[in-house]
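Participant: Pasting a structure here, questions to come.
The values are calculated or read from the model by the stated rules, or taken from the named source; none is laboratory data. This one's a predicted model, so the numbers in the text were calculated from it and none came from an experiment. No Cβ is skipped: glycine too gets one built from the backbone with ideal geometry, and neighbour counts run over all protein chains shown. For accessibility, only protein heavy atoms count, side chains too; no ligands or nucleic acids. Shrake-Rupley method; radii C 1.70, N 1.55, O 1.52, S 1.80 Å.
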Amino acid sequence: MVAAVRDYLAAWSPALIAHLQTVDAGWAPFDENRKPMPVNRPEDLRESFAAVHGQCLALRGAGVTVAAELLELDLFLYFACARLAELEPKVATAPGTAPYCSFERAA
């Protein structure tokens, strides 16, 4: 699952990343050179999801329309976390870590 997320992020074009970076305030998993941040372990995936999802919730809570690119990332990372939890439940529920994808969509 981690490799699939890495591949997904690597497939984002520099132009798409640039557009996202104009609206994401640095929450998306891309650096200033428009390259994906490293995702090498389940914890990296969970942290990326938490950052992106938190930003989406904050924007929604402030009444701001969330950019389609940020929503796409939020949804993709959510499903990646959920799938990882199915494939590796011991990793997803390891003591001392937050459960994967404690996710609630706004109604």
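Participant: Can you tell me which residue in the stretch 42-70 is farthest from HIS19 (Cα to Cα), limited to those that are open to solvent by less than 60 Å² (accessible area, probe 1.4 Å) and in a loop (DSSP other than H, G, I, E, B)?
Facilitator: VAL66
Participant: Which of the residues spanning the stretch 26-41 are open to solvent by less than 40 Å² (accessible area, probe 1.4 Å) and touching a Leu at 6+ places or on another chain (Cβ under 8 Å)? Steps first, please.
Facilitator: Residues of the stretch 26-41 open to solvent by less than 40 Å² (accessible area, probe 1.4 Å): 28-31, 39.
If the condition is that a residue be open to solvent by less than 40 Å² (accessible area, probe 1.4 Å) and touching a Leu at 6+ places or on another chain (Cβ under 8 Å), then ALA28, PRO29, PHE30, VAL39 are the ones that fit.
Participant: How many residues are at pLDDT below 90 and closer than 17 Å to ARG6 by Cα if we restrict to the stretch 53-77?
Facilitator: Number satisfying all stated conditions: 2.
Participant: Among the listed residues ARG34, ARG41, identify the single one that is at positive phi, out of contact with any Cys (no Cβ under 9 Å at 6 or more places or on another chain) and modelled with pLDDT of 85 or more. Quick ask: steps written out before the conclusion?
Facilitator: Numbers: ARG41 fails: at positive phi.
Being at positive phi, out of contact with any Cys (no Cβ under 9 Å at 6 or more places or on another chain) and modelled with pLDDT of 85 or more holds for just one of ARG34, ARG41, which is ARG34.
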